[in-house]
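These notes concern the structure reproduced below.
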Amino acid sequence: MKERYKTKKIYVGDVAVGGDAPITVQSMTYSNTSDIEATVEQIKRLHFAGCDIVRVAVPNMQSAVALKAIREQISIPLVADIHFNYKLALEAAKWVDCIRVNPGNIGEKGRIKEIVKACQERSLPIRIGVNSGSLEAEFENKYGATAQGMVASAEYNIKFLEDLGFTDIKISLKASDVDRTVDAYRMLRPKNNYPFHLGVTEAGTIFHATVKSAIGLGTLLLDGIGDTLRVSITGELEEEIKVGKAIIKDSGRVKEGLNIISCPTCGRIEADLVSAVAEVEKRTAHIKTPMDVSVMGCVVNAIGEAKHADVAIAYGKGSGLVMVQGEVVAKLPEGELVDRFVAEVEAFAQKQG
Ligand code: SF4
């Protein structure tokens, strides 16, 4: 895994993005933002699920005005997502922690200047959100909706903000396919040190969105690219957070909680491993201490995996072994193995502090 790019650290409210800050997970509500009650309810759900930064669409002045009441009822950094109408950004800037604009559809540069001024006055960062589906005409005509076109648009807009003395910027370069998304981020990364917000946009339902995001965002994270991310799912809010956190963890960018190694089972198995692993996952979800554990169906690979695991179960016929750092600590009937395993995991976590 490559070293993470050293990006500039900016703040969205009290959450740092970039630099040595942990990679954060973002999401977006789907309520009509002018429906204050529904929007607050969704933001709270996201916050509870572990979301770090939440974004709301601001499609009209009613929604922009509603941000004041929303802000008062939440305690998570809030980003206003603005398209087309710069006046919405000017109103939203009074109540939020960051403005996301797609400069390609804000139009005339004087309007972007006004947004920059409003953000400067309140020390708000701006996310330049380039989307392959809405490039400025000049880049669309020259490059088409390609990674090159996305990068050209981002560079143009970065320069525009820099020329106004504005550098609290983060950048996203989203396309609806993995290939263009990865290419665009890779191309732009060496050209500046602004933090990157990763995402494959409009990625589909949970199954495909998870696969596309794992490939795209995982590839970039392994390249050392990415400071914050959103997994875009046509589905429930909490799923985006769950998948986003899993991508960061399983890419190895964060060491936190259990890394569960479990076998896919086969004709040799003589225990209910699927239920056992599900139970282990549920009962250890609260543990933050990084550790490797293995839950394996038979002796073929169980002993080998257990040697490298902090805590392990090796199932056999009707019974099995619990091991801690390669040493057998108990031989128990099948029904007692998970209880003992969880107890050993908790003890190991406590020992690590
Ligand atoms: S560990 Fe045993 S049960 Fe699991 S897949 Fe390997 S051989 Fe099959």
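Restricting the search to the stretch 76-91, which residues are within 24 Å of the chain's Cα centre (by Cα) and either modelled with pLDDT of 95 or more or aliphatic (A, V, I, L, M) (or both)? Hits for the stretch 76-91 are Ile76, Pro77, Leu78, Val79, Ala80, Asp81, Ile82.
For every residue, the table says whether it meets (1) within 29 Å of Ala343 (Cβ to Cβ); (2) in contact with a strand residue (DSSP E or B) (Cβ under 6 Å, 6 or more places away or on another chain).
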residue: His197; (1), (2): no, yes
residue: Ala209; (1), (2): no, no
residue: Thr228; (1), (2): no, yes
residue: Lys255; (1), (2): yes, no
residue: Val277; (1), (2): yes, yes
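Is there a residue being more than 16 Å from the ligand (Cβ to nearest atom), part of a loop (DSSP other than H, G, I, E, B) and buried (at least 22 other Cβ atoms within 10 Å of the Cβ) anywhere in the stretch 218-226? Full working, then the answer.
Here is the first cut: in the stretch 218-226, the ones more than 16 Å from the ligand (Cβ to nearest atom) are 218-226.
After this cut, where a residue has to be part of a loop (DSSP other than H, G, I, E, B) as well, the list is 223-226.
Going one step further and asking which of them are buried (at least 22 other Cβ atoms within 10 Å of the Cβ), we end up with 226.
Scanning the stretch 218-226, I find at least one residue that is more than 16 Å from the ligand (Cβ to nearest atom), part of a loop (DSSP other than H, G, I, E, B) and buried (at least 22 other Cβ atoms within 10 Å of the Cβ), so the answer is yes.
Give the residues of the stretch 232-278 that are in a helix (DSSP H, G or I), free of Cβ contacts under 8 Å to residues at least 60 places away in the same chain and not basic (Lys, Arg), sorted by residue number. Quick ask: steps written out before the conclusion?
Initially, the stretch 232-278 is screened for residues in a helix (DSSP H, G or I), giving 237-250, 273-278.
Filter again for free of Cβ contacts under 8 Å to residues at least 60 places away in the same chain, leaving 239, 243, 246-247, 249-250, 273-275, 277-278.
Within the stretch 232-278, Glu239, Val243, Ala246, Ile247, Asp250, Leu273, Val274, Ser275, Val277, Ala278 qualify.
A residue that is among the charged types (D, E, K, R), within 16 Å of the ligand (Cβ to nearest atom), in the same structural domain as Tyr315 (by TED's automatic domain parsing) and at negative phi cannot be found anywhere in the stretch 274-287. The condition of being outside the structural domain of Lys174 (by TED's automatic domain parsing), within 12 Å of the ligand (Cβ to nearest atom) and at pLDDT 95 or above does not hold for Val322. The residue list Tyr5, Tyr30 contains one member that is aromatic (Phe, Trp, Tyr), more than 20 Å from Val254 (Cα to Cα) and part of a loop (DSSP other than H, G, I, E, B), which is Tyr30. Taken across the stretch 229-236, residues that are over 30 Å from Asp20 (Cβ atoms), away from the ligand (no atom under 16 Å from the Cβ), of a type in the set (Lys, Arg) and at pLDDT 95 or above do not occur at all.
Condition (residue is in the same structural domain as Ser123 (by TED's automatic domain parsing), within 22 Å of Val200 (Cα to Cα) and touching a Leu at 6+ places or on another chain (Cβ under 9 Å)) applied to the stretch 29-38: is it met by at least one residue? For the stretch 29-38, residues in the same structural domain as Ser123 (by TED's automatic domain parsing), within 22 Å of Val200 (Cα to Cα) and touching a Leu at 6+ places or on another chain (Cβ under 9 Å): present.
Could you check the stretch 43-55 and list, in sequence order, the residues that are in a helix (DSSP H, G or I) and touching a helix residue (DSSP H, G or I) at 6+ places or on another chain (Cβ under 6 Å)?
So in the stretch 43-55, the residues in a helix (DSSP H, G or I) come out as 43-49.
Listed by number, the residues that qualify are Arg45, Leu46, Ala49.
Select from the stretch 251-268 the residues that are within 15 Å of the ligand (Cβ to nearest atom) and under 19 Å from Met323 (Cα atoms) and list them in ascending order. Give the steps one after another, and end with the answer.
Step one: filter the stretch 251-268 for residues within 15 Å of the ligand (Cβ to nearest atom), giving 260-268.
Once the filter is applied, which keeps residues that are within 15 Å of the ligand (Cβ to nearest atom) and under 19 Å from Met323 (Cα atoms), the stretch 251-268 yields Ile260, Ile261, Ser262, Cys263.
Answer with yes or no whether Gly199 is touching a residue at least 60 places away in the same chain (Cβ under 8 Å), under 23 Å from Val54 (Cα atoms) and not assigned by TED's automatic domain parsing to the domain that holds Glu281. So Gly199 fails the test. Assessment of the stretch 293-310 against the conditions (surrounded by fewer than 17 Cβ atoms within 10 Å (Cβ to Cβ), in a loop (DSSP other than H, G, I, E, B) and modelled with pLDDT under 95) yields no matching residue. Residues in the stretch 143-196 that are over 21 Å from Arg111 (Cβ atoms), without any contact (Cβ under 8 Å) to a residue 60 or more places away in the chain and hydrophobic (A, V, I, L, M, F, W, C): Ala145, Ala147, Met150, Val151, Leu173, Ala175, Val178, Val182, Ala184, Met187, Leu188. Here is the figure for the stretch 178-195: residues that are crowded, with 24+ Cβ neighbours inside 10 Å and hydrophobic (A, V, I, L, M, F, W, C) total 1.
Restricted to helices (runs of 4 or more DSSP H) entirely inside the stretch 69-164, those with at least 2 residues that are under 25 Å from Lys44 (Cα atoms) are 86-92.
The values are calculated or read from the model by the stated rules, or taken from the named source; none is laboratory data. None of the values given here were measured: they were computed from a predicted structure. Positions of Cβ are generated from backbone atoms using ideal geometry, with glycine treated the same way; all protein chains shown enter the neighbour counts.
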